[in-house]
Amino acid sequence: MKRAGLIAAMALAGCESTAQPGAMRYAGVDTRLLDGDLVNFDVRVENPESREQVARYAECAAAQYALIRGYGFARHVRTQIEQDGRLWTGDAVYTISPALPDGLRTIDAEVVVAECARNGIPTV
């Protein structure tokens, strides 16, 4: 019994967060299909250093979502960012498409997902 208790305690210790208090943490994404190829991403980040980190998290989610749906590209429509204490939220809208869409704010989903992985930014 003592050995089983020790193993259980070790397993639970492995589940504890190793993040430093006050460190940035990606706190989740909610995805909602608005209409056809128009998709909304609500992202949450605790303690980001900048608005850009919140927007980048939304972009990573959009790129992965495009790939999941079988598309290779996305176009940024808008991102609104709000702060409530240490929790920042981003409300971003993207269109997804199989071909490179018109516009200046387009992303190649495969390239962006790979870059997000290299930078430790989670995707959908």
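Since every read-out is calculated from the coordinates, none of them should be taken as a lab result. Since the model is a prediction, treat every value here as computed from it, not as a measurement. When we count neighbours, we look across all protein chains shown, and the Cβ atoms used for this are built from the backbone with ideal geometry, even at glycine.
Once you put a point 7 Å from the Cα of residue 49 and another 7 Å from the Cα of residue 87, both along the Cβ direction, what distance in nm separates them?
With each label point 7 Å from Cα toward Cβ, the separation is 2.4 nm.
Quote to one decimal, in nm, the extra length available between residue 42 and residue 104 on full extension: 0.36 nm per residue of separation minus the C-alpha distance between them.
On the way: separation 62, 0.36 × 62 = 22.32 nm, distance 2.24 nm.
20.1 nm is the gain from fully extending residue 42 to residue 104.
Return the FRET efficiency for the residue pair residue 68, residue 23: r is the Cβ-Cβ distance, R0 is 22 Å, and the value is rounded to the nearest 0.05.
With a Förster radius of 22 Å, E is 0.15.
Using a 7 Å offset from Cα along Cα-Cβ at residue 33, what residues in segment 103-124 end up with backbone N under 18 Å from the label point?
124
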